[in-house]
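Undergrad: This is the structure I want to talk about, given as structure tokens.
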Amino acid sequence: MPLPYVLLSAAVSLDGYLDDTGPERLLLSGPADFDRVDEVRASVDAILVGAGTIRADNPRLLVNSPRRRAARAAAGRPEYPLKVTVTGSGDLDPDANFWHTGGEKLVYTTDEGATRASRLLGRTADVVPLGPALDWRALLEHLHDVRGVGRLMVEGGGTVHTQLLRQGLADELQLVLAPLFVGDPAAPRLFGPGGYQGGRLRLLDTRRIEDVVLMRYAPTAPGTGPAPTAADRQWLRAACDLAARCPTSRTAFSVGAVVVAADGTELARGHSREGADPAVHAEEAALAKIDPADPRLPGATVYSSLEPCARRASRPAPCAELILRAGVRRVVTAWREPDTFVTAADGTGVLTAAGAEVVVLPELEALAKAPNTHLPG
């Protein structure tokens, strides 16, 4: 199921602490960065914080700039983004600023918490129960499918950030580093302990803002099962972008492929008709660049904009077979192969019959099809 683009936003000290939430609050950022945060808020469809942050900080979570609010309205969007909170218990203060400023409010909670939250808040907010326990993927699917949220900004707290990162659901981390040491062992830290995805994050951008530094990171490590992660979507999007580089053909699809190790290291990429070979397929081109003895291949994921082929006339082995021979057992694709050139092609069937995991992300199908619109069917 499609999910919103999830952007985590936080400011930390040099020794890794969040803004102090006590009565004598230590602000890590300055006016210029607060304005940047306001700009980001104005760009998103919804802003989410945990219930603990509401209790500790009593935030309003507004777009403060009248100009930005006017621009949202002119574009046909609500003046303020949807405000969202998450609580297991439903223990919420109905007098908090969160409920009495800005636009619509939404609470995600458990079945048990929904009873309490509804009693406390009345008509102040919509309350959505997610079952006996909080389920982040179900929450994000509901935000996307029911509330139309395409871009979600998560402003905390540390528990929420930790859970989204650990589950591979964060598309981007915007981290502001302040030139301060807090040194208080009781101060909250940005992330808690636990098992995070392996691999290094990719640095997307850095920017100096007065005396703080904004760093933007994206995850790189592929998922490990049938549930797609944010990194899976990013790598598959890269494969779809590669398909646009293919020389146009009336007799073959334009496809891009990327092979990524379990730790997020890109091993190779390729696209259809790459180089001087008019018959080479994307997965074939990418795998040919990797040493067959590379020990990272069995744990790697192949991202292909189109389902790997199961039959072909131009080569002895189809791409599904090449993937299996390489030892790869996870494939992520955007588009099942139509009958344009091969009737009832079923690369997925070939792969799954051999024990490989195939994940299809239909939300990227249009991007994968774009370089192939000239073909019949």
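The values are calculated or read from the model by the stated rules, or taken from the named source; none is laboratory data. As the structure is a prediction and not an experimental result, all values here were calculated from the model. FYI the Cβ positions are ideal-geometry reconstructions off the backbone, even for glycines, and counts take in every protein chain you see. Only protein heavy atoms, including side chains, enter the accessible area calculation; ligands, DNA and RNA are left aside. Shrake-Rupley method; radii C 1.70, N 1.55, O 1.52, S 1.80 Å.
Undergrad: Among the residues of segment 345-361, is any touching a residue at least 60 places away in the same chain (Cβ under 8 Å), open to solvent by 20 Å² or more (accessible area, probe 1.4 Å) and in a loop (DSSP other than H, G, I, E, B)? Working first, answer last.
TA: Applying the first criterion (touching a residue at least 60 places away in the same chain (Cβ under 8 Å)) to segment 345-361 yields 357, 359, 361.
Filter once more, keeping what is open to solvent by 20 Å² or more (accessible area, probe 1.4 Å): 357.
Subset that is in a loop (DSSP other than H, G, I, E, B): none.
No, because not a single residue in segment 345-361 is touching a residue at least 60 places away in the same chain (Cβ under 8 Å), open to solvent by 20 Å² or more (accessible area, probe 1.4 Å) and in a loop (DSSP other than H, G, I, E, B).
Undergrad: List every residue pair whose Cβ atoms sit under 8 Å apart, with the two residues 6 or more apart in sequence or on different chains, where the first one lies in segment 42-53 and is closer than 15 Å to TRP99 by Cβ and in contact (Cβ under 8 Å) with a residue 40 or more places away in the chain and the second, anywhere, is of a type in the set (Phe, Trp, Tyr) and outside any strand (DSSP E or B).
TA: Between residues of segment 42-53 that are closer than 15 Å to TRP99 by Cβ and in contact (Cβ under 8 Å) with a residue 40 or more places away in the chain and residues that are of a type in the set (Phe, Trp, Tyr) and outside any strand (DSSP E or B), the close pairs are VAL49/PHE98.
Undergrad: Could you please tell me which pairs satisfy a Cβ distance under 7 Å, a separation of 6+ or placement on different chains, a first residue in segment 310-326 that is in contact (Cβ under 8 Å) with a residue 12 or more places away in the chain, and a second residue that is assigned to a loop (DSSP other than H, G, I, E, B) and small (Gly, Ala, Ser)?
TA: ALA310/ALA345; ARG311/ALA345; SER314/ALA279; ARG315/ALA279; PRO318/ALA310; ALA320/ALA310; LEU324/ALA354; LEU324/ALA356
Undergrad: Any chance you could count how many residues in segment 90-146 are within 21 Å of TYR80 (Cα to Cα) and open to solvent by 70 Å² or more (accessible area, probe 1.4 Å)?
TA: Looking only at that region, the number is 7.
Undergrad: Quick check: anything in segment 181-202 touching a strand residue (DSSP E or B) at 6+ places or on another chain (Cβ under 6 Å), within 30 Å of GLY299 (Cα to Cα) and open to solvent by 20 Å² or more (accessible area, probe 1.4 Å)?
TA: Yes, segment 181-202 contains a residue that is touching a strand residue (DSSP E or B) at 6+ places or on another chain (Cβ under 6 Å), within 30 Å of GLY299 (Cα to Cα) and open to solvent by 20 Å² or more (accessible area, probe 1.4 Å).
Undergrad: Hey, could you check segment 276-306 for residues that are acidic (Asp, Glu) and surrounded by 13 or more Cβ atoms within 10 Å (Cβ to Cβ) and say which is farthest from ARG233 (Cα to Cα)?
TA: Looking at residues that are acidic (Asp, Glu) and surrounded by 13 or more Cβ atoms within 10 Å (Cβ to Cβ), I get ASP277.
Undergrad: Give the residues of segment 54-72 that are open to solvent by less than 60 Å² (accessible area, probe 1.4 Å) and either closer than 20 Å to LEU106 by Cβ or touching a Gly at 6+ places or on another chain (Cβ under 8 Å) (or both), sorted by residue number.
TA: ILE54, ALA56, ASP57, PRO59, LEU61, LEU62, VAL63, ARG69, ARG72
Undergrad: With (1) part of a loop (DSSP other than H, G, I, E, B); (2) surrounded by fewer than 17 Cβ atoms within 10 Å (Cβ to Cβ); (3) under 21 Å from the mean Cα position of the chain (by Cα) as the list, and GLY168 as the residue in question, which single condition is left unmet?
TA: The failed condition is (2).
Undergrad: Among the residues of segment 147-157, which ones are within 23 Å of ILE209 (Cβ to Cβ) and either buried (at least 19 other Cβ atoms within 10 Å of the Cβ) or free of Cβ contacts under 8 Å to residues at least 24 places away in the same chain (or both)?
TA: Within segment 147-157, LEU152, MET153, VAL154, GLU155, GLY156, GLY157 meet the criteria.
Undergrad: Taking the criterion of being open to solvent by 30 Å² or more (accessible area, probe 1.4 Å) and more than 28 Å from THR340 (Cα to Cα), would at least one residue in segment 237-249 satisfy it?
TA: The answer is no; no qualifying residue exists.
Undergrad: Got a number for residues in segment 262-296 being over 16 Å from CYS240 (Cβ atoms), under 27 Å from the mean Cα position of the chain (by Cα) and among the charged types (D, E, K, R)?
TA: 2
Undergrad: Here is a list: ALA244, ALA238, ALA227, ALA231. Which entry is touching a residue at least 12 places away in the same chain (Cβ under 8 Å) and under 18 Å from LYS289 (Cα atoms)?
TA: None of the others qualify; the one that does is ALA238.
Undergrad: Which pairs have Cβ atoms under 9 Å, sit 6 or more apart or on different chains, and link a residue in segment 27-38 that is closer than 16 Å to VAL182 by Cβ to one that is in a helix (DSSP H, G or I)?
TA: Note: pairs meeting the criteria are LEU27/PHE34; SER29/ARG36; SER29/VAL37.
Undergrad: Condition first: over 17 Å from the mean Cα position of the chain (by Cα), farther than 30 Å from VAL302 by Cβ and in a helix (DSSP H, G or I). Can you find one or more residues in segment 142-153 that meet it?
TA: The answer is no, given that none of the residues of segment 142-153 is over 17 Å from the mean Cα position of the chain (by Cα), farther than 30 Å from VAL302 by Cβ and in a helix (DSSP H, G or I).
Undergrad: Quick check: anything in segment 110-122 touching a Gly at 6+ places or on another chain (Cβ under 7 Å) and either closer than 23 Å to SER29 by Cβ or in a strand (DSSP E or B) (or both)?
TA: No - not one qualifying residue is present in segment 110-122.
Undergrad: Among what's in segment 208-225 and is surrounded by 17 or more Cβ atoms within 10 Å (Cβ to Cβ) and farther than 21 Å from ALA238 by Cα, pick the residue that is farthest from the chain's Cα centre (by Cα).
TA: If we take residues in segment 208-225 being surrounded by 17 or more Cβ atoms within 10 Å (Cβ to Cβ) and farther than 21 Å from ALA238 by Cα, then VAL212 is farthest from the chain's Cα centre (by Cα).
Undergrad: Being over 23 Å from the mean Cα position of the chain (by Cα) and not in a helix (DSSP H, G or I) is true for just one of LEU48, LEU62. Which residue is that?
TA: Just one listed residue meets the conditions, LEU62.
Undergrad: Follow-up. Just name the residue that is modelled with the highest pLDDT out of those in segment 173-211 that are touching a helix residue (DSSP H, G or I) at 6+ places or on another chain (Cβ under 8 Å) and either over 18 Å from SER9 (Cβ atoms) or charged (D, E, K, R) (or both).
TA: Among those that are touching a helix residue (DSSP H, G or I) at 6+ places or on another chain (Cβ under 8 Å) and either over 18 Å from SER9 (Cβ atoms) or charged (D, E, K, R) (or both), it is GLU210.
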